[in-house]
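Scroll down for the structure; my scribbles are underneath it.
Laboratory data are not the source of any read-out in this text; all were calculated from the coordinates shown. It should be emphasised that the depicted structure is a prediction, and the values quoted were computed from it without experimental measurement. Heads up, the Cβs are rebuilt from the backbone with ideal geometry, glycines too, and the neighbour counts pull from every protein chain shown.
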Amino acid sequence: MSDSTEEEIRSEVRAWLEANWDPDLSLVEWRMKLADSGWGVPTWPAEWYGKGLSDAMGRMIDDEFERIGAVTVARTGIRNLAAATLLAHGTQMQKEKFLLRILTGEDTWCQLFSEPGSGSDLAGATTRADMKGNKWIINGQKVWTTSAHHAQYGLLLARTDWEVPKHKGLSYFVLDIEQPGVTVQPLRQMNGHASFNQVFFTDAVIEPEFQVSELGDGWKVATTTLMNERRGADGLRKYAKATERPGRAYKEEAEEIAHQLEPYKWYPQRAGRVDLVMQRARDTGKINDPAVRQEIAQLLILSKTTEWTARRARAAQEQGGPPGPEGSLGKLSASNVARKAALVHTMLSGADAMLTGADSPMDGVIAEILVSTPATSIAGGTDEIQRNIISERVLKLPKETRFDTDRPFREVPRNIVE
């Protein structure tokens, strides 16, 4: 298959879809057929429901799905990160247990990384995993966990060794969220949404076979998860959209999207909504203000160059390279766009931007933009972290001087009691 031409592959997937796509199938039934065919995730290995094709071929195949209107495998939420991580580091058993149900959408996932005392400094995590008998016992707290309130499984980074430097004492697990030792509490944000949760572990249990990779490899595995996350934060992400077409698969997909994307419905606002700027400028008459026009021009230039930078990174990945530190360039650029867009929207709406509800411009959308854009510079690793990654891994500059990476983590001063 890898030696086939693009036109041959396009013809093959087109013929398969035209022969097999049936909107009256149940969503799970259709996705099982997709997984068996390899066309649902053609960039995955052939032994795991794929065809081993390049990212470029995968995008071409997506075009064929869109052309015929066929539903794809499940792609919303953290499940994509879970799949990428397990494909890279998971055991045979873990892949067999989880990958297919990720594709069918039967399981929902969350990412249990950040903690109250270790957000940007993720390697400082203090949630502990202790082996007692033949099971891992988990105690601690995570925060800013999207979708934990309806997840079945979580990607957990926990400390298994306190006597080694902090990066070496972490291990990675798949945690069953739906057990008595896990408590999920939603967090209300200043934009009125409650997308995130804090999660408490009190003697939660993980069977040893759900440890991902080797003991102490948690940082390496988490890096895979984060690189894939930043790849999706480069401004090129497309959010799933429901359709009103008739058919059971369409109806069930719409229900899935409404449920899974509920925590993410404000994400277009946190990106700055550059798409609204020109019409807002005309509606407010500010398009005639030369100073405002200059700011709008700068925003549009920044937005377009950010898009081109992200596309270059994607093009490199389509040549076979894995997600790498260049994802930090896209994420940092997206933060710059969001901040600039918030400034422009403020100039366009003036004091009215501070209003909410029906009295606010666009029924509150502009106000929501202004209180949501700061999240872009925080989520998935702060701007400062991205700058460090770019300087050290892209520009090859010397690393920052650190005093907490060469001694046992137990001796490192922290602001949380163990």
Report task. For every other residue with a beta carbon closer than 12 angstrom to the beta carbon of Arg67, add +1 if it is Lys or Arg and -1 if Asp or Glu, then tell me the sum. Result -> -3
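Could you grab the Rg to Rh ratio for segment 106-231? Cα atoms only, Kirkwood for Rh. It would help to have the intermediate numbers written out before the result.
Numbers: Rg = 13.8 Å, Rh = 14.6 Å.
Ratio of gyration radius to Kirkwood radius: 0.95.
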Query raised in the report: With no solvent and one point on each alpha carbon, what is the Debye value of log10 I(q)/I(0) for segment 1-106 at q = 0.14, 0.17, 0.24 Å⁻¹?
Result: -0.52, -0.77, -1.42
Report task. Please report, in debye to the nearest 20, how large the charge dipole of the chain is about its Cα centre when each Lys and Arg carries +1 at its beta carbon and each Asp and Glu carries -1 there. Result -> 1160 debye
**Report entry** Partners for Lys241 among aspartates and glutamates (Cα-Cα distance below 16 Å; same-chain residues under 8 apart left out)
**Finding:** Asp62, Asp63, Glu66, Glu252, Glu253, Glu255, Glu256, Glu262
Query raised in the report: For the chain, with the dipole built from +1 on Lys and Arg beta-carbon atoms and -1 on Asp and Glu ones, taken about the Cα centre, which of Ser195, Thr405, Ala310 lies farthest toward the positive end?
Result: Thr405
Query raised in the report: Based on DSSP, what percent of beta bridges with both residues in segment 106-231 are antiparallel, to the nearest 5?
Result: 85 percent
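Would you calculate a helix-derived [θ] at 222 nm for the chain, using -39,500 (n - 2.57) for each DSSP H run of n ≥ 4 and dividing by the full residue count, to the nearest 500?
Details: 13 runs with 171 residues, N = 418.
One gets -13000 deg cm²/dmol as the mean residue ellipticity at 222 nm.
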Query - Mean Cβ neighbour count within 10 Å, used as a protection proxy, ranking 74-86, 112-124, 252-264, 395-407 highest first - result: 74-86, 112-124, 252-264, 395-407
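For the ranges 354-364, 218-228, what's the packing order if you count other beta-carbon atoms within 10 Å of each residue, average per peptide, and put the highest first? Walk me through the numbers before you get to the answer.
Values: 354-364: 13.5, 218-228: 20.8.
Going by the mean number of other Cβ atoms within 10 Å, highest first, we get 218-228, 354-364.
Which links in Lys33/Lys331; Lys304/Lys331; Lys331/Lys396; Lys95/Lys132; Lys33/Lys97; Lys51/Lys220 stretch past 24 Å when you go from one Cα to the other? Present the calculation step by step, with values, prior to reporting the outcome.
Values: Lys33/Lys331 35 Å; Lys304/Lys331 14 Å; Lys331/Lys396 19 Å; Lys95/Lys132 26 Å; Lys33/Lys97 18 Å; Lys51/Lys220 26 Å.
Too far apart for the 24 Å limit: Lys33/Lys331; Lys95/Lys132; Lys51/Lys220.
How many times 2.2 N^0.38 Å is the alpha carbon radius of gyration of segment 1-53? Could you put the intermediate results ahead of the total?
Numbers: Rg = 11.5 Å, N = 53, 2.2 N^0.38 = 9.9 Å.
That works out to 1.16 for segment 1-53.
Near Gly119, within a Cβ-to-Cβ distance under 12 Å, what is the net charge of the other residues, with Lys and Arg +1 and Asp and Glu -1?
On the way: positive: Lys142; negative: Glu115, Asp121, Glu384.
In short, -2.
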Query raised in the report: Kirkwood-based Rg over Rh for segment 271-378 (C-alpha set), two decimals?
Result: 1.07
Query raised in the report: Hey, what do the phi angles of segment 279-293 turn into as Karplus ³J(HN,Hα) couplings, whole Hz, using 6.51/-1.76/1.60 and θ = phi - 60°, x for Gly and Pro?
Result: 5, 5, 5, 6, 5, 8, x, 6, 4, 8, 8, x, 5, 5, 4
Report task. Report P(r) for segment 355-417: all Cα-Cα distances, bin width 5 Å, range 0 to the bin holding the largest distance, values in whole percent. Result -> 4, 13, 11, 12, 14, 13, 9, 7, 7, 7, 3, 0
Query raised in the report: Which peptide among 61-69, 36-44 comes first, and what is the full order, when sorted by highest mean count of other Cβ atoms within 10 Å?
Result: 36-44, 61-69
Query raised in the report: Convex hull volume of the Cα atoms in the chain, per residue, in Å³?
Result: 168 Å³
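When Lys and Arg each count +1 and Asp and Glu each count -1, what net charge do the other residues less than 12 Å away from Met278, Cβ to Cβ, add up to? Present the calculation step by step, with values, prior to reporting the outcome.
Working: positive: Arg273, Arg280, Arg282, Lys286, Arg293; negative: Asp275, Asp283.
Local net charge: +3.
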